[in-house]
Amino acid sequence: MKHHNHNQNHAFISDPVAFNKNTEKDLLQYCLGGLLYMPGTKNVIDKILAKRPPAPSIVMCMEDAIKEEEIGLAEANIRNHLSDISRALQGGQVDIDDIPLIFLRVRSPEQFSTFSSTLTSCQASVLSGFVFPKFDSANGVEYLKCLEQVSKTTGAFLYGMPILEGETLALKESRAGELNRIRAMLAVYRERILNIRVGATDFSSIFGVRRGINYSIYDIMTIRDCLSDILNFFTRTGEEYVVSAPVWEYFLADKEESLDHLLEHDIHQSLLQRSSIVNEAIDGLLREVILDKANGFVGKTVIHPSHLKYVNAMQAVTEEEHEDALQVLNTTGGVVKSRNSNKMNEINPHRSWAKKIALRARAYGVIRNESAYLKLIFA
């Protein structure tokens, strides 16, 4: 897989790299980008085998996206997909780089255990891992032990991605203790944790709130506090995980043919000043992604394929950011003036930031400047 395939003629300063499920974890954890969730009952096999996957990374969901009575149907559909992809890979119809990162969102530790015991080695060989909903200190060990077991049984290295979204995390009086317990638990299985994900919709339901189309999740104070503490516990320098941003719930069609006059705009300035870019739903998404990045999130949960090009384009790194990062990484200490002479790069304090920028640059490419974001979005 490779990001930005919708716009293959874009002139990158540095192209994004190709990746697949076997890519080294240090880079792969940055590659998920917009992770597209879809019901486990959905049939996408023809698109995958035609090398037109719905997204570079997908989740086939057996939890909230389907009804309880559809679990058996979803499980059978998923097994069929994995078997068909495995046969196509073995027969040379597709290459490993043609296959999206495929994750399965299970329903509970019990359902995960039952379902995973039916997976064959061939099916697991094209699977990237599992997503664990409502992950907490009470069920986390069950999820993670089962993950290790299915990996051992099938011979496939499979990742886990916990979703932090429960009431114990939402409520202020219990949050810190629960985060400490979860952090200690994940540390034991660290090599298998590809991303940590957050469920802002579930958090919102606990407080009976929902962000409107003209607000970001960071405007909802109770949810902002939850997200802030999750980032505080899991993105600290030296022990950080890649944490993905929560879903944007609104979608409207964009009209690419009417956007030529906007392509030279500074997208950050326009959005933060609330100048119209596309429409209120897409502008809201872009505005929230800017804030996601500023706070340390990487990528975003996506529930509509129209969001993918926006989320993934906004993960790209500008040339100035990349130059600053390389300057920091290639200097031994002290403080130096940036190449553009517009800021100081303090080597030791900025090193952790620089490492993350360099990895994002590999995954999503380096673009000329902020006006290039819209050029990347709209082919």
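The values are calculated or read from the model by the stated rules, or taken from the named source; none is laboratory data. Bear in mind that the values here come from a model prediction, so they are computed numbers and not experimental data. With ideal geometry, Cβ positions are generated from the backbone for all residues, glycine too; neighbour counts draw on all protein chains shown.
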### Query
On the given criteria, is Ala170 under 22 Å from the mean Cα position of the chain (by Cα) and of a type in the set (A, V, I, L, M, F, W, C)?
yes
### Message
Can you tell me which residue is surrounded by the most Cβ atoms within 10 Å (Cβ to Cβ) among those in the range 1-57 that are aliphatic (A, V, I, L, M) and out of contact with any strand residue (DSSP E or B) (no Cβ under 9 Å at 6 or more places or on another chain)?
### Response
Leu49
### Query
What do you reckon, is Ala325 assigned to a helix (DSSP H, G or I), in contact (Cβ under 8 Å) with a residue 12 or more places away in the chain and either under 21 Å from the mean Cα position of the chain (by Cα) or surrounded by fewer than 21 Cβ atoms within 10 Å (Cβ to Cβ) (or both)?
no
### Message
What's the number of the only condition in (1) at pLDDT 90 or above; (2) of a type in the set (Lys, Arg); (3) outside any helix (DSSP H, G or I) that Arg274 fails to meet?
### Response
(1)
### Contacts under 6 angstrom Cβ, first residue in the range 123-144 being on the phi < 0 side of the Ramachandran plot and modelled with pLDDT of 95 or more, partner assigned to a loop (DSSP other than H, G, I, E, B) and acidic (Asp, Glu), 6 or more apart
Pro133/Glu63
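Any residue at all in the range 329-342 that's of a type in the set (Lys, Arg), modelled with pLDDT of 95 or more and either assigned to a strand (DSSP E or B) or not assigned by TED's automatic domain parsing to the domain that holds Tyr241 (or both)? Lay out the reasoning, then the answer.
First, pick out the residues of the range 329-342 that are of a type in the set (Lys, Arg): 337, 339.
Among the residues that remain, those that are also modelled with pLDDT of 95 or more are: none.
Within the range 329-342 (the criterion being of a type in the set (Lys, Arg), modelled with pLDDT of 95 or more and either assigned to a strand (DSSP E or B) or not assigned by TED's automatic domain parsing to the domain that holds Tyr241 (or both)), the answer is no, since none of the residues qualifies.
If I ask for residues that are in a loop (DSSP other than H, G, I, E, B), among the basic types (Lys, Arg) and free of Cβ contacts under 8 Å to residues at least 12 places away in the same chain, which ones from the range 1-54 would you list?
Filtering the range 1-54 for residues in a loop (DSSP other than H, G, I, E, B) gives 1-4, 8-13, 15-24, 29-33, 40-44, 50-54.
Now restrict to residues that are among the basic types (Lys, Arg): 2, 21, 42, 51-52.
Selection gives Arg52 alone.
Working only within the range 55-82, note down all residues that are β-branched (Val, Ile, Thr), outside any helix (DSSP H, G or I) and over 18 Å from the mean Cα position of the chain (by Cα).
We begin by selecting, within the range 55-82, every residue β-branched (Val, Ile, Thr); these are 58-59, 66, 71, 78.
In the following step, the residues that additionally are outside any helix (DSSP H, G or I) were identified as 58-59, 66.
Ile66 - this is the single residue of the range 55-82 that is β-branched (Val, Ile, Thr), outside any helix (DSSP H, G or I) and over 18 Å from the mean Cα position of the chain (by Cα).
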### Query
Does the range 241-253 include one or more residues that are surrounded by fewer than 16 Cβ atoms within 10 Å (Cβ to Cβ), small (Gly, Ala, Ser) and without any contact (Cβ under 8 Å) to a residue 24 or more places away in the chain?
no
### Query
Based on what the data block shows, is Lys51 over 19 Å from Leu82 (Cα atoms) and of a type in the set (Lys, Arg)?
no
### Message
Could you list, ordered by first residue, the pairs with Cβ atoms under 9 Å in which the first is in the range 85-112 and not assigned by TED's automatic domain parsing to the domain that holds Val302 and the second is modelled with pLDDT of 95 or more and part of a loop (DSSP other than H, G, I, E, B), at least 6 apart or interchain?
### Response
none
#### Entry: Within the range 129-146, tally of residues that are out of contact with any Lys or Arg (no Cβ under 7 Å at 6 or more places or on another chain), within 13 Å of Arg107 (Cβ to Cβ) and part of a strand (DSSP E or B)
2
